[in-house]
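Each reported figure results from applying straightforward, stated rules to the coordinates on display, with no laboratory input. Owing to the predicted nature of the structure, the values given are computational and were not obtained by experimental measurement. Every residue, glycine among them, receives a Cβ derived from its backbone with ideal geometry; neighbour counts consider all protein chains shown.
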Amino acid sequence: MNNKFESWLNNKFLKENIKNPNIEVGDFTYYSGYYHKEDFEDICVSYLLGDSSTRSYKELFGEDFIFDKLIIGKYCSIGSGSTFLLAGNQGHRHEWISTYPFQTAIFSNARDGFERKGNTIIGNDVWIGTEAMIMPGIKIGDGAIIAARSIVTKDVEPYTIVGGNPSKIIKKRFSDKEIEQLLEIQWWNWEIDKINEALPIICSNQISKLYEYYNNHN
């Protein structure tokens, strides 16, 4: 199999490579996929209508059909083989006697067990480690870190590090006050020239200094 990545040092910005209309990605978010060889959409996104095999889903379900989306913010780093599961519960109902999704074409009395989980939303400046799995409808806050091979079954608060199966909080990256300041200034929405000027601070742990910079330039 040909590798879509030249080496493990080679990343791809997702915004300019995404084809699925149900995936939205912000500026500068990249995927590092060398160890799994395929592009992001081909290996990381599962059960999302609008992919190469379901381009005509609106013809099947209608123009007004609401389907879950994958929304990823700016400046995110996504490790090789990370998985985003979509399609809600895929028709499997754990509270029913059988979890099997019976098809109406075969079983005339079948009930539709499908339930939406809502959009999967990844914030800005999120780092997702290799082979982490994000379950349907999960929301991951700005600045969070997902450890490698974690299975994320619950929402993750901003600037929180989680890991494990199922993932649990390891620690907050910064104090509550510092997190509030970072969420207020939202540096990822600044113009490029302003980010460039502030990079020596952004690439440090001096949050109060970055907050001061923000207040002096607004």
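Data for the structure
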quantity	calculated
Cα shape, segment 1-76, gyration tensor, a/c 1.5 rule	oblate
For segment 52-105: rounded, prolate or oblate by the Cα gyration tensor [a/c cutoff 1.5]	oblate
Cα long-axis angle, helix 192-202 against the chain (0 to 90 degrees, to the nearest 10)	70 degrees
Restricting segment 77-141 to chymotrypsin sites (Phe, Trp or Tyr not before Pro) in coil, as DSSP defines it, with at most 13 other Cβ within 10 Å	Trp96, Phe107, Phe114
Shape category assigned to segment 98-218 from the gyration tensor of Cα positions, a/c cut at 1.5	prolate
Distant-in-sequence amide H partners of Ile72 (H built 1.01 Å from N, under 5 Å)	Glu24, Val25, Gly26, Ile122
Length gained when the stretch Asp27-Ile97 is fully extended (0.36 nm per residue, less Cα-Cα span)	20.7 nm
Label-to-label distance, nm, for residues given as Glu212 and Lys154 (7 Å Cα→Cβ offset)	3.8 nm
³J(HN,Hα) computed for each position of segment 88-99 - Karplus, 6.51 cos²θ - 1.76 cosθ + 1.60, integer Hz, glycine/proline x	x, 8, 6, x, 8, 10, 5, 8, 7, 4, 10, 8
Most mobile of Thr160, Thr104, Thr54 in a GNM of the chain (Cα contacts under 10 Å)	Thr104
Degrees between helix 207-216 axis and first principal axis of the chain (Cα, 0 to 90, nearest 10)	80 degrees
